[in-house]
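Here is the structure we will look at, set down as structure tokens.
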Amino acid sequence: MQSRRLLLLFSALSLWSAAPGAAPGPAAAEDLRAAWQKVALNLFADAHREFLALPGDEARLGVALTRLQLQPRTTANLEASVADLRALASAKDPDLAPIALYHLARIEHAHRLRSDPPAALAAYAELRRSFPGHPLADEALVRMAMIEVYEPAPPEHQAATLARYAALAPELASADARRDLHLLLADAALRLTRDESAALAHYLAAEQAGIQLAAIRTTVLVSIGELAARLGRPELARRAFDDYLAFAPRDNRRTLVLERLAALPPAASPAASLVHAP
Amino acid sequence: MNRQTISAWFGASLLLGCFVYALVGVFGREREARAEHVRTITFAHWQLESGIREALDALARDYEALHPDVRVRQIAIPERIYPQWVRTQLVGGTASDIIQLGIGMDDEIAARYFLPLSKEVEHPNPYNAGTELGAAAWRDTFLDGMNGGWGYRPNLLDYYGVPLSMFTTRVYYNRTLWRRILGDTPEPRDYEAFREICQRVLAHAARHSTPILPIAGSRANAPMLVDKLFHSQTQRLYQRINLLPHLRPGGADIGLGLLRGEWSLRDPAYIDALDLMREVGGFLQPGFQSLGREDATFYFIQGRALMIATGSWDSPSFRAQAPFEIGVFEVPAPSREHPRFGRNTLGPLSEAEVGTGLSFGITRLSPHPELAIDFLRFVTSRAGNARFSEISGWLPSVIGVEPSPEIAPFLPIADGYVNGFDINLNFVGPDSHRLIQASQFDLIGPAGGVDRFVSTLERELPALLRSDLERIVRDSRHNLARQDVIGAAYLLLPRFSPAESRAELEDRRSRVLEGQVQQESYSAWLRHELLRLAAVPPRAAHSE
């Protein structure tokens with residue numbers, strides 16, 4: 001009985017301390033940093049405990065997000081996080097509300113046992129309407145494209161969807177989002193509509209936006225070279241293959257790429273690097 | 001005192017002696033660990049092969065000589081119980097400072113119990129000072145840039161394991177037996193020559209009524225030979241399956257390609273690969289699929305088989321145990337000129353992407369993580385790794401370490417072409433893999449055949465492929481959800497950080513997003529195709 005009372009008291013204190021509107025002091029900022037650092041290190045349970053002990057909306061966001069990763073994953077935990085995120089989204093804090101909205105969309109898109117694409121699309125759209133220009137609003141467009149592009153649909157509808165999102169790419173302020181959207185559209189153009197010209201343009205745009213992961217960059221450079229060669233653009237193919245050979249000295253596609261290079265018509269002038277190409 | 005009493009007393013004394021010896025050892029270590037000026041780090045691994053413990057021990061003693069206030073202890077655990085042992089130690093909070101990563105571990109375990117080393121690997125290894133690697137980031141001093149095996153974990157976007165070696169597979173042969181049966185016949189350079197050698201061994205065995213096998217096989221060793229041969233036959237087919245132009249499709253693409261009708265189980269290349277496998281299966285001992293690695297080793301070491309296919313890790317043990325001289329050659333795949341099998345092959349198989357192995361991670365609960373990192377820097381310095389390679393007889397993992405003549409034949413072959421896929425489809429998933437494993441007797445057994453095997457697969461494989469691909473989609477959701485939360489941390493952390501570390505945090509977020517979107521869009525594509533294929537009759541799938 002005694003322990004139950006203590007538990008109730010502790011829970012009430014935790015809820016009070018995590019209530020929205022409680023502003024974090026300077027000491028809390030350091031605690032928040034430490035807790036987010038734990039999240040970055042995949043230590044979700046530890047971070048969750050630390051967020052629970054901290055006051056303020058940001059700690060509540062931390063509680064909501066880390067709860068999604070607690071084991072075992074339960075519907076109750078997921079719904080509790082949804083409730084917290086809805087409260088944070090409606091509080092309209094310009095720092096936290098877009099993050100809350102983005103994660104509400106992600107829950108519908110990727111966290112539930114069965115994803116709910118229409119609900120996810122609606123949440124992403126709300127984020128883009130409410131916080132235009134925010135990096136997460138740009139990311140939301142990439143996720144919307146992912147849902148719509150890979151929705152089961154007739155080929156002509158797929159081609160139109162691909163074209164619609166391709167037209168939106170230049171509007172993205174975030175280079176990361178531009179890169180991700182172009183990579184998504186390039187692969188989809190090849191898989192769904194076999195449109196090699198569109199795919200090549202998207203791969204080039206992604207490379208210009210800045211690909212960070214070595215494995216992806218290697219693959220994109222090979223793809224650009226291969227597509228350019230097929231589409232009769234030997235100079236571009238040569239530049240891409242040369243960049244690939246310089247970038248990936250231990251890749252098992254080198255022999256194939258060297259063969260492709262040898263089969264290209266002779267170069268008129270030395271090839272410039274693709275990255276610095278106009 | 002009669003003989004029985006003496007023997008009882010002797011037994012009891014021996015037991016007591018052992019107990020006291022163990023007690024002194026344990027208390028001695030405890031006392032040493034408690035001594036204020038001595039810090040002890042322990043490392044655990046499962047490599048009981050000849051020479052490995054000796055090499056690691058030598059490095060530990062070298063490190064102690066350099067750091068007199070440090071003791072390094074090695075714990076070698078048999079491979080069979082290693083996964084259980086590691087889990088128990090990790091969960092119980094009693095794990096060693098450094099643990100070999102690999103069997104029985106996954107990304108969840110790495111993230112939960114091991115320190116990410118991304119910061120450390122970006123700085124030079126101080127033990128390389130004065131060498132040409134002195135200014136290089138630690139990760140760039142490894143032959144694979146720490147991208148293989150347990151080095152970089154793409155799902156976690158962090159480095160966890162520091163590798164000491166790398167592994168390739170080769171065919172070992174008994175030189176004495178070779179000379180007796182084959183005279184001065186050279187090592188085979190292609191499949192035809194290899195096949196002829198195997199047939200000559202069978203003929204010799206029949207002629208002399210000697211139970212000598214061409215190749216010692218087991219469920220562990222046979223795949224090291226037949227998979228490579230199979231790869232050679234599926235090289236062109238693999239390229240054909242790919243919808244993207246990057247010249248290297250992923251494992252799931254093979255399964256999806258089969259469901260989509262991009263290729264079939266009656267494809268000439270696949271049939272050739274099965275024929276090749278059945279032919280080679282006839283050169284191994286009957287029932288090899290039910291034998292273990294040790295059985296095949298006994299066959300070879302006892303001179304009952306001329307050859308065995310296995311990894312470079314067995315080289316020191318074989319050289320120590322075999323009473324004969326050992327030769328080594330590459331698995332001889334069919335060349336492009338082969339009258340039948342040449343049509344399916346692109347050319348020699350590349351080993352350019354053979355990653356490093358024997359990777360060690362540092363546990364989060366280590367009381368001396370800095371010391372553990374320093375020890376790993378020491379053993380993977382150019383000098384440390386050279387000493388490891390020299391004593392162990394294993395391949396080095398560090399750039400510029402000269403291998404000994406014994407280990408040189410195992411160096412990865414950098415030239416060559418992208419491999420095909422193997423028969424097991426284990427990159428697609430466990431359900432398909434199990435069916436193929438269970439049906440292999442239908443292919444290789446005396447009453448079996450290619451047609452019988454293919455018929456079984458045609459009947460049962462599509463449903464299992466579907467369930468495996470659905471599993472890939474399902475499993476990727478856990479990963480994507482985890483990356484969402486990490487992405488939020490990297491979005492918020494820069495606000496608390498000094499300007500100089502903000503760029504690094506933003507860079508990490510950028511990489512989280514890039515990896516996540518690639519993984520998620522591939523998963524969305526698989527889901528799209530599974531839904532589409534479920535809605536159309538199988539024969540129409542390809543035309544959609």
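Every number here is computed from the coordinates shown, using simple stated rules; none is lab data. In this text, all values refer to a predicted model and were calculated from it rather than measured experimentally. Glycine gets a Cβ as well: all are built from the backbone with ideal geometry, and neighbour counts include every protein chain shown.
What base-10 log of the normalised intensity I(q)/I(0) is obtained for the stretch B:471-543 from the Debye formula, alpha carbons as equal point scatterers, at q = 0.13, 0.14, 0.19 Å⁻¹? Values, matching the q order: -0.53, -0.57, -0.79.
Across the residues of B:9-17, average count of Cβ atoms on other protein chains within 10 Å? Working shown, then result.
Numbers: counts 0, 0, 0, 0, 0, 0, 0, 0, 0.
Whole-number average of other-chain Cβ neighbours for B:9-17 is 0.
Within 14 Å, Cβ to Cβ, of A:Ala91, how many net charges do the neighbouring residues add up to if Lys/Arg are +1 and Asp/Glu are -1? The partial results should precede the final answer.
On the way: positive: A:Arg60, A:Arg86, A:Lys92; negative: A:Asp57, A:Glu58, A:Asp84, A:Asp93, A:Asp95.
Summing Lys/Arg as +1 and Asp/Glu as -1 gives -2.
Per residue Cα convex hull volume for the stretch B:395-544, in cubic angstrom? Display every interim value, and only then the final one.
Numbers: hull volume 33.2 nm³, N = 150.
In the stretch B:395-544, the Cα convex hull volume per residue is 221 Å³.
Ignoring lysines fewer than eight residues from B:Lys119 along the same chain, the ones with Cα atoms less than 18 angstrom from its Cα are A:Lys38. The phi torsions of the stretch B:441-448, fed into the Karplus equation with coefficients 6.51, -1.76 and 1.60 and a -60° offset, translate into couplings of 5, 4, 7, 9, x, x, 8, x Hz, rounded to whole numbers, with Gly and Pro shown as x.
What ranking, highest mean first, results for peptides B:65-75, A:196-206, B:396-406 when packing means the other Cβ atoms within 10 Å averaged over each residue?
Numbers: B:65-75: 14.6, A:196-206: 21.5, B:396-406: 17.6.
In decreasing order of mean packing, B:65-75, A:196-206, B:396-406 become A:196-206, B:396-406, B:65-75.
In the protein assembly as shown, one over the average inverse separation of all distinct C-alpha pairs is 29.8 Å, which is the Kirkwood hydrodynamic radius. Counting Cβ atoms of other protein chains within 10 Å of each residue's Cβ and taking the mean over peptide B:520-530 gives 6. Placing a label point 7 Å from the Cα of B:Glu108 along the Cα-to-Cβ line, the residues of the stretch A:51-93 whose backbone N sits under 14 Å from it are A:69-74.
Comparing A:Pro55, A:Pro135, A:Pro249 in a Gaussian network model of chain A (Cα springs below 10 Å), the most mobile by mean-square fluctuation is A:Pro249. Counting only other chain Cβ atoms within 10 Å of each residue's Cβ, the peptide A:31-39 averages 4.
More than 42 angstrom separation, counting every C-alpha pair in chain B; what % is that? Mind showing how you got there, number by number?
On the way: 44719 of 147696 pairs.
Considering chain B, 30 percent of its Cα-Cα pairs are separated by more than 42 Å.
Based on every Cα atom in the stretch B:190-279, Rg and the maximum pairwise Cα distance Dmax equal 17.1, 55 Å.
Output needed for the stretch B:287-359: three equivalent-ellipsoid semi-axes, defined as square roots of 5 times the C-alpha gyration tensor eigenvalues, in descending order, whole Å.
The equivalent ellipsoid of the stretch B:287-359 has semi-axes of 28, 18, 13 Å.
One compactness figure for chain A is 1.28, namely its Cα radius of gyration divided by 2.2 N^0.38 Å. So what is log10(I(q)/I(0)) for the stretch B:169-350 at q = 0.08, 0.09, 0.11, 0.13 1/Å, when the Debye sum runs over its Cα atoms only? Values returned for q = 0.08, 0.09, 0.11, 0.13 Å⁻¹ are -0.28, -0.35, -0.52, -0.70. To the nearest ten degrees, helix A:97-106 and the longest principal axis of the Cα atoms of chain A are 70 degrees apart.
Restricting the calculation to Cα atoms, the stretch B:269-415 yields a radius of gyration followed by a Dmax of 19.8, 63 Å. In order along the stretch A:231-240, the Karplus-derived 3J(HN,Hα) couplings, from 6.51 cos²θ - 1.76 cosθ + 1.60 at θ = phi - 60°, round to 8, x, 10, x, 5, 5, 4, 4, 4, 5 Hz, and Gly and Pro are given as x.
A cut-off under 13 angstrom between Cβ atoms defines the neighbours of A:Ala228, and their net charge, with Lys, Arg +1 and Asp, Glu -1, is -1.
For B:Ser335, nonlocal amide neighbours, meaning residues 5 or more places apart or on other chains whose placed amide H falls under 5 Å from its own, are B:Tyr191, B:Glu192.
For the stretch B:406-420, putting each phi into the Karplus relation 6.51 cos²θ - 1.76 cosθ + 1.60 with θ = phi - 60° gives couplings of 5, 8, 3, x, 8, 4, x, 7, 7, 7, x, 10, 4, 5, x Hz, in residue order, rounded to whole numbers and with x for Gly and Pro.
Which value, in debye to the nearest 20, describes the size of the charge dipole of the stretch B:169-350 about its Cα centre when Lys and Arg Cβ atoms bear +1, Asp and Glu Cβ atoms bear -1, and nothing else is charged? It would help to have the intermediate numbers written out before the result.
Numbers: 22 positive and 18 negative charges, 20 e Å.
So the magnitude is around 100 debye.
For the stretch B:317-378, GluC sites (Glu not before Pro) are listed when DSSP marks them as loop and at most 15 other Cβ atoms sit within 10 Å of their Cβ; the list is B:Glu325, B:Glu337.
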